[in-house]
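Engineer: Handing you this structure, nothing more for now.
The values are calculated or read from the model by the stated rules, or taken from the named source; none is laboratory data. Just so we're clear, the structure is a prediction, and the values are computed from it rather than from any experiment. Cβ placement follows ideal geometry from the backbone for every residue including glycine, while neighbour counts extend to all protein chains displayed. Quick note on the areas: whole protein, heavy atoms, side chains included, nothing else; ligands and nucleic acids left out. Shrake-Rupley method; radii C 1.70, N 1.55, O 1.52, S 1.80 Å.
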Amino acid sequence: MEKYSIMKSMNMHRKKGKRTILEMTQILKRHGYCTLGEAFNRLDFSSAIQDTRRFNYVVKLLQLIAKSQLTSLSGVAQKNYFNILDKIVQKVLDDHHNPRLIKDLLQDLSSTLCILIRGVGKSVLVGNINIWICRLETILAWQQQLQDLQMTKQVNNGLTLSDLPLHMLNNILYRFSDGWDIVTLGQVTPTLYMLSEDRQLWKKLCQYHFAEKQFCRHLILSEKGHIEWKLMYFALQKHYPAKEQYGDTLHFCRHCSILFWKDSGHPCTAADPDSCFMPVSPQHFIDLFKF
């Protein structure tokens, strides 16, 4: 009886979540957000990528579209999508900011395009097939450029990471939320490598991203019986989505029925504006245009 009650409660929450998305979708359509392409224009994602705090959010959004929404994009939306993608790639080539993130995006996009092009006729791919082949060739060229990317060595006689005391270096590592960033930083110097292998550091990272029940299902022990937290993190990452973290995110105002960037805010007329604001994750944003 108790199990039935829990399952019933879970189903009610799922239905409530779906109803909320449907209601938001209907509201947004009344305000001119009928398609993903229109939302791209209204929210000016092309400019958003120049803001470091919004960059990761837009890249994640493009990656989700690459995985599942390419066939739903109109001709104009496709053009906007690839224009933004071009600007992202050029930005990374210029400032070397987060190339791994863009490599992952391009890998997902090229994989999806290969499948769609091979199955032309079976799947709905808006536009001429030759245009898509040209786009795939452009993506492959971008991947090669990023592969050949060389970080320029800066000559600076000022303070470097190696000059910082151990407790400060440790503090820096504890502020990372991505395990791959910790691994990468650990390759810079032997001292950073030693700090990046700290069991407590990886334990904190696992606790931040994953639930305790998930640890039990994928427990990895050393020969001495200690939990291998670093191995656990990467094992758990394969099975469960890690907690997403963005400097700035899109929000939806239930009172004014508009989407806006949190850092920019908007002149809400509600008595308590903060209670009306709801964060919109990249996946949530995509879901708004599935109905």
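Engineer: Within straight cross-link reach of residue 203, meaning Cα distance under 17 Å, which aspartates and glutamates are found once same-chain residues fewer than 8 apart are removed?
Structural biologist: Leaving aside aspartates and glutamates fewer than 8 places away in the same chain, those within reach of residue 203 are 178, 181, 212, 228.
Engineer: Using Cα pairs closer than 8 Å and at least 6 residues apart in sequence, work out the relative contact order for the stretch 196-291, in percent.
Structural biologist: 20 percent
Engineer: Another question, then. Rounded to the nearest 10 Å², what accessible area does residue 167 have for a 1.4 Å probe in the complete protein model?
Structural biologist: Roughly 130 Å² of residue 167 is accessible to a 1.4 Å probe.
Engineer: Which aspartates and glutamates, if any, have their Cα less than 17 Å from the Cα of residue 79, not counting same-chain residues under 8 positions apart?
Structural biologist: Residue 79 reaches 38, 44, 137.
Engineer: Could you order 226, 266 by accessible surface area, starting with the largest, using a probe radius of 1.4 Å?
Structural biologist: Ranked list, largest accessible area first: 226, 266.
Engineer: Sticking with this structure for a sec: Of the listed pairs 87/243; 60/243; 60/204; 67/262, which have alpha-carbon separations greater than 19 Å here?
Structural biologist: Cα-Cα > 19 Å for 87/243; 60/204; 67/262; rest within.
Engineer: A further question on this structure: Heads up, I need the accessible area for residue 172: 1.4 angstrom probe, whole protein in place, Å², nearest 10.
Structural biologist: Counting only protein heavy atoms, residue 172 exposes about 60 Å² to solvent.
Engineer: Mind pulling up the Rg/Rh value for the stretch 62-131? Radius of gyration and Kirkwood radius, both on Cα.
Structural biologist: Values: Rg = 12.9 Å, Rh = 12.9 Å.
Dividing the radius of gyration by the Kirkwood radius yields 1.00.
Engineer: Let's see if you can work this out: charge +1 on each Lys and Arg Cβ, -1 on each Asp and Glu Cβ, no other charges. What is the dipole magnitude of the stretch 178-239 about its Cα centre, in debye to the nearest 20?
Structural biologist: Dipole magnitude for the stretch 178-239 comes out near 240 debye.
Engineer: Starting from the coordinates of the alpha-carbon atoms of the stretch 178-239, obtain the Kirkwood hydrodynamic radius over all distinct pairs and give the value in Å to one decimal.
Structural biologist: On the way: mean 1/r = 0.0829 Å⁻¹.
12.1 Å is the Kirkwood radius here.
Engineer: Can you tell me, using C-alpha contacts under 8 Å and at least 6 residues apart, the relative contact order of the stretch 121-275 as a whole percent?
Structural biologist: 12 percent
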